[in-house]
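What follows is a short report on a single structure.
The values are calculated or read from the model by the stated rules, or taken from the named source; none is laboratory data. Computed from a predicted structure; not experimentally measured. Ideal geometry is used to build each Cβ from the backbone, glycine not excepted, and the neighbour counts take in all protein chains shown.
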């Protein structure tokens, strides 16, 4: 192993609409497809860049909805088709992570280490991130399902927390910061969050998990046997497609053809499609935390590496505002072209000019203004979280066209 | 005279951009072209309807900028081309009223009575309006330049006031409510406005003037001789065009043609165009109040009829809101299609959805939201008047495209 990551594969589950970022984020174009930091790369592109730098470009896989595959391929042309897992319908993170892991294990061996990292998180501090992943991979090799805990910088009630237990430094010398996860706790209320913070023993659960493929699949069979068997069947089918494709490519090669040009990967999904049809719809919809990490933590099988990098899940426009630089001395934030925003006696606003129009604000303070071609949203920044209520209301009133 | 108005001609000066109604109202499409009450007729259409009902359709003239003639013709196809006076550039109300009066006097006699009523005012109470105009016409016939004073319903600082003097009921029995105008006063400050109101002797000056053509033109020669001579010259030129047109029509008729089809009125502007070129640009830009009404009032030559009808000049979006019915129980006002506005926990807003998009408001109270295809405005209702500052700022920053 050259850099210590040769057996490491990254999985990027790219799901979730990002309802609180409506009307920018839509069912048809979710949050991870946007450049929410205004830095020239979308969230999934940045996530890919970050993981490709560690695992290598051909060790990064993406699980996403069928309807988003085209957009993902367009944003990440460097990802090979066999590294994109298309889901016919959302079945939460357990199915996404387990299927990618099962396929990768069949392709590259049961002892590979996989790591799952959401497509729509923001991370600052590359060195600290790489070090945390490195220690997580070492800990995973030792058999632990390993999460990376985020330093809780405030008593947030928007995240679940991880209560850290005893150190694993003696057991795993190459992961000096590893410790046992005592338990996972749900999103707390404000007082509880404050209490967690004051102990210094709690970190945010960002849903990052690193583990050996065999360890994950064994635990899945233990906790969710029906789900595990269905995933195995789909993974087997994908491997059958792999073989058929490889054979077709070999035959083309023998005929002196350029197999990349004459053999279309899209023609080799027969077995997968049949297995998906048979199993996918009935798969249990459950987050990986609930299905595996939490029950296993009770048995002492989950470890944590503290991540000392900056992290944000950009849940709402207030988070977007917090991460953007101000474009004037009155703290105006613009996601887009600042020339499309004109303000007079206005401060602290976040404007998303996404409809090629001029947005003018007169005496408007601390507001969110999101201007898209078919829908405009105006709300106080402090109520950014409630944007999901607006989306719910639109849904209930039959405005699916806007969702 | 059948209804007592046979010698009465109405002039509608249609000028002014309505800057405080930006971005709905623009230089290219001013306020008077909009249906600001959401009743199916634009302001100029309603003004025309109101005056045509009194004077007759063919006794209503419109003075407007050359660039707006096409829109006016489209909105008011019932107005004959010779009743639309096109101004090469805005020269305020004195030039507009004087030119229309001078032409009408040449066409219909010096003793006709003309009345000037702005294209962008809103009036409710048809019977009271007709009665006020009737009394004003009677008073005008007696030689007074006669204004209609609006009952001051609040101590507004946005309007000039008229201080009423002694009754003219004895002198003009057919205008029992007529009185002398003691003086015109400028827009007052709040304390002065309150003081005016408490006397009961002050009314708003809505710029409505009714007068005999000869009386107006004589006074204009007295106060603004240079302006009056230029107007006379332009009016003479228009009459020359009238004659040339009439001759061409007569000749066509003799040839057995339908003159309406074979003679194009637009071809008979030669003399007018030459006179406009010679005089218009250098005309003094001055409001009729300053040029004639105020100096004449000092000499006791101006009378007032109190108007007991509802009146508004819809200066800003707060005025628009005040005149629109609520579309929900939280006092939402919508100028346009209410289905294009979705609100959640929001009250007292005025929304103008003019870009075929859905406007969504979450926790937004007492705001103005004007959504047009190239510009969006957001401001508190209480700051509606300051919209003109936004327009000024856009102008100064080179955004003529948005004005």
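Before moving on, here are some points about what is shown:
- Of all the residues in region B:148-159, those that are closer than 15 Å to residue B:201 by Cβ and crowded, with 16+ Cβ neighbours inside 10 Å number 4.
- Hits in region B:92-111 - residues which are farther than 14 Å from residue B:207 by Cβ and surrounded by 19 or more Cβ atoms within 10 Å (Cβ to Cβ): B:95, B:98, B:99, B:100, B:101, B:102, B:103, B:104, B:105
Let's see how each residue does on (1) under 24 Å from residue B:245 (Cβ atoms); (2) outside the structural domain of residue B:212 (by TED's automatic domain parsing); (3) more than 15 Å from the chain's Cα centre (by Cα):
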residue	(1), (2), (3)
B:84	yes, no, no
B:94	no, no, no
B:130	no, no, yes
B:135	no, no, yes
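- Against the numbered list (1) at negative phi; (2) surrounded by fewer than 18 Cβ atoms within 10 Å (Cβ to Cβ); (3) without any contact (Cβ under 8 Å) to a residue 40 or more places away in the chain, residue A:285 comes up short only at (3).
- Check on residue B:351, more than 8 Å from every other protein chain (Cβ to nearest Cβ), crowded, with 24+ Cβ neighbours inside 10 Å and free of Cβ contacts under 8 Å to residues at least 24 places away in the same chain: yes
- Qualifying positions in region B:241-271 - surrounded by fewer than 16 Cβ atoms within 10 Å (Cβ to Cβ) and within 27 Å of residue B:219 (Cα to Cα): none
- When A:21, A:36 are screened for being within 14 Å of another protein chain (Cβ to nearest Cβ), buried (at least 24 other Cβ atoms within 10 Å of the Cβ) and closer than 20 Å to residue A:317 by Cα, only A:21 passes.
- Scope region A:122-157; condition touching a strand residue (DSSP E or B) at 6+ places or on another chain (Cβ under 9 Å), in a loop (DSSP other than H, G, I, E, B) and modelled with pLDDT under 95; matching residues: A:125, A:152, A:153, A:156
- Entry remark, region A:288-308: residues being closer than 19 Å to residue A:46 by Cα and crowded, with 19+ Cβ neighbours inside 10 Å number 1 in total.
- Qualifying residue in region B:204-220 (condition: in contact with a helix residue (DSSP H, G or I) (Cβ under 6 Å, 6 or more places away or on another chain), surrounded by 17 or more Cβ atoms within 10 Å (Cβ to Cβ) and either over 16 Å from residue B:114 (Cβ atoms) or without any contact (Cβ under 8 Å) to a residue 12 or more places away in the chain (or both)): no
- Residue pairs whose Cβ atoms lie under 8 Å apart, sitting 6 or more positions apart in sequence or on different chains, and linking a residue in region A:355-372 that is more than 8 Å from chain B (Cβ to nearest Cβ) to a partner that is surrounded by fewer than 21 Cβ atoms within 10 Å (Cβ to Cβ) and in a strand (DSSP E or B), are A:365/A:347; A:366/A:347; A:366/A:380; A:368/A:380.
- Residue count for region B:51-81, restricted to those that are in contact (Cβ under 8 Å) with a residue 12 or more places away in the chain, more than 22 Å from residue B:210 (Cβ to Cβ) and out of contact with any strand residue (DSSP E or B) (no Cβ under 8 Å at 6 or more places or on another chain): 6.
- Taken together, the residues in region B:55-74 that are touching a helix residue (DSSP H, G or I) at 6+ places or on another chain (Cβ under 7 Å), crowded, with 20+ Cβ neighbours inside 10 Å and closer than 10 Å to residue B:44 by Cβ amount to 3.
- Between A:319, A:326, the distinction of being in contact with a strand residue (DSSP E or B) (Cβ under 8 Å, 6 or more places away or on another chain), more than 13 Å from chain B (Cβ to nearest Cβ) and under 21 Å from residue A:29 (Cβ atoms) belongs to A:319 only.
- Some residue of region B:173-180 being touching a residue at least 12 places away in the same chain (Cβ under 8 Å), over 21 Å from the mean Cα position of the chain (by Cα) and part of a helix (DSSP H, G or I): no
- Selection count, region A:270-311, where residues are over 25 Å from the mean Cα position of the chain (by Cα) and not in a helix (DSSP H, G or I): 2
- When the residues of region A:378-403 are filtered to those that are under 26 Å from the mean Cα position of the chain (by Cα) and at the interface with chain B (Cβ under 7 Å from one of its Cβ atoms), the one that is surrounded by the fewest Cβ atoms within 10 Å (Cβ to Cβ) is A:389.
- Under the condition of being part of a strand (DSSP E or B) and buried (at least 20 other Cβ atoms within 10 Å of the Cβ), the residues counted in region B:185-203 number 2.
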